[in-house]
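Below is one structure, written out as structure tokens; the observations come after it.
The values are calculated or read from the model by the stated rules, or taken from the named source; none is laboratory data. Computed from a prediction, not measured in an experiment: that's the story for all the values here. Ideal geometry is used to build each Cβ from the backbone, glycine not excepted, and the neighbour counts take in all protein chains shown.
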Amino acid sequence: METLDKPLTKNIRPDRAFATLADYESTGGYQGLRKTIAELQPKDVQQWVKDAGLRGRGGAGFSAGLKWSMVPMDANAPQTRYLIANADEMEPGTFKDRILIEQDPHQLIEGMIIAAYAIQANTAYIFLRNEYHLAKLRLAYALQEARSKGYLGEHILNSAFSLEIVLHTSAGRYICGEETALINVLEGKRATPRAKPPFPLVSGLWGKPTVVNNVETLCNVPHILHYGVEWYQGLARGADKGTKLFGASGRVKRPGLWELPMGTPIREIIEQHAGGMQGGYKLRGFLPGGASTDFLLPEHLDVAMDFDAVAKAGSRLGTGTIVVLDDQTCPVQMVLNLEQFFAQESCGWCTPCRDGLPWTVTLLKDIIAGQGRIEDLDTLSGLTRMLGPGNTFCALAPGAMEPLQSALKYFREDFEHYIVDQSVAMEPV
């Protein structure tokens, strides 16, 4: 059996045409599902994914197989369970799930069917970002193809297992990417996070056990079942297993997205795959995993892109999509731009986020406009703690504080320059 070193992108073509059902099957598509249905029990599938070491690709990095195993499935548990694919990709600097959905939609569908089988869910939802119009069209077409071939619907592949996948287009808010806010929206409620516990695995959509997985996470599943645990583990270069879609944006020569082994050094991603910095620009720093991660510096270029290594360096792997800061872009204005986004996207459900983020924006605007004081930097530092983990309902505000707290740590002189030298004051971005 032929194996691959880039399973997630094997069907992605330069012309951006999408893989039809026939295309997908010709490269081994739905073989993982066939094996699952014919040979494995739900607990077996959970164990395969757990043993493979697949960790969530949406940012949290939690073991996917372990997550599935926490769903109550005994005789006394609710018999109705739900699976949700989180395709509400609104993290600034992140575009990995869009590529997977638009160009290889059956990969997601097969991953969802296998995951639903693993928790014995008969209904699944794809919660899609509203702006992904092409993704919606291609997913709808692929779902129709899958139903016509017997991969979806009643008695899949002549088995006792049945599943329906519903494509739901989001109204469009960043907070909808938080799993409990997403669940509230599916129930027709306001997009606000829920207090936990209870966790969705026990009481989620309409009070039933619910698993929410990221698109990229689910796209890994068919290949684990098709090619095996040892193959998947062997793809990586570090402690974390499998491959990952890593991206780079900013003033690099070739901004884009590449499927690479987990543990690939940051230097390789920026200098080799992204082509290094554009002419006349130097690397000053970067956000390693999207807008809600801490800045790292050129001294961190040899850090491996896996969960623990990036955390040890002082940031998070997040979505694995690097946002590059060059030496001609003001980090204070870059942070203001990010904080304005997060303040706008706050659902307003909890006070620290609702009031703290606009306060942060006001202070940054004052500093850039030449109206700041040195004491404002202490206030901003205090806000990074008050809006930090454990003080809010969800991770939106703590995530918003990560670029700010690291910018104050690494680029403090840029903040002070606006305050001390009023001649550099300018209109905020």
Residue 166 - would you say it is outside any loop (DSSP other than H, G, I, E, B), out of contact with any helix residue (DSSP H, G or I) (no Cβ under 8 Å at 6 or more places or on another chain), within 23 Å of residue 107 (Cα to Cα) and among the β-branched types (Val, Ile, Thr)?
yes
Could you look through segment 115-138, keep only residues that are under 17 Å from residue 221 (Cβ atoms) and assigned to a helix (DSSP H, G or I), and pick out the one that is nearest to the chain's Cα centre (by Cα)?
115
If the requirement is being within 28 Å of residue 51 (Cα to Cα), among the hydrophobic types (A, V, I, L, M, F, W, C) and in contact with a Gly (Cβ under 6 Å, 6 or more places away or on another chain), which of these qualifies: 257, 245, 297?
257
So, in segment 44-63, how many residues would count as being modelled with pLDDT of 95 or more and within 24 Å of residue 207 (Cβ to Cβ)?
1
Go through the residues of segment 106-114 one by one and say whether even a single one is outside any helix (DSSP H, G or I) and assigned by TED's automatic domain parsing to the domain that holds residue 168.
no
Of 135, 60, 75, the only residue that is more than 30 Å from residue 233 (Cβ to Cβ), surrounded by fewer than 24 Cβ atoms within 10 Å (Cβ to Cβ) and either assigned by TED's automatic domain parsing to the domain that holds residue 176 or without any contact (Cβ under 8 Å) to a residue 40 or more places away in the chain (or both) is 75
I need the full set of residues from segment 277-288 which are of a type outside the set (A, V, I, L, M, F, W, C) and touching a helix residue (DSSP H, G or I) at 6+ places or on another chain (Cβ under 7 Å), in order please.
285, 288
Just to be sure I understand, how many residues within segment 307-334 are assigned to a loop (DSSP other than H, G, I, E, B) and surrounded by fewer than 24 Cβ atoms within 10 Å (Cβ to Cβ)?
7
Going through segment 299-332 in order, the residues found to be touching an Asp or Glu at 6+ places or on another chain (Cβ under 9 Å) and closer than 15 Å to residue 251 by Cβ are 330, 331
Within segment 12-27, residues at pLDDT below 95, out of contact with any Pro (no Cβ under 8 Å at 6 or more places or on another chain) and surrounded by 19 or more Cβ atoms within 10 Å (Cβ to Cβ) come out as 12
Strands (runs of 3 or more DSSP E) lying entirely in segment 181-298 (those with 1 or more residues that are on the phi < 0 side of the Ramachandran plot and outside the structural domain of residue 120 (by TED's automatic domain parsing))
243-249, 256-261, 283-287
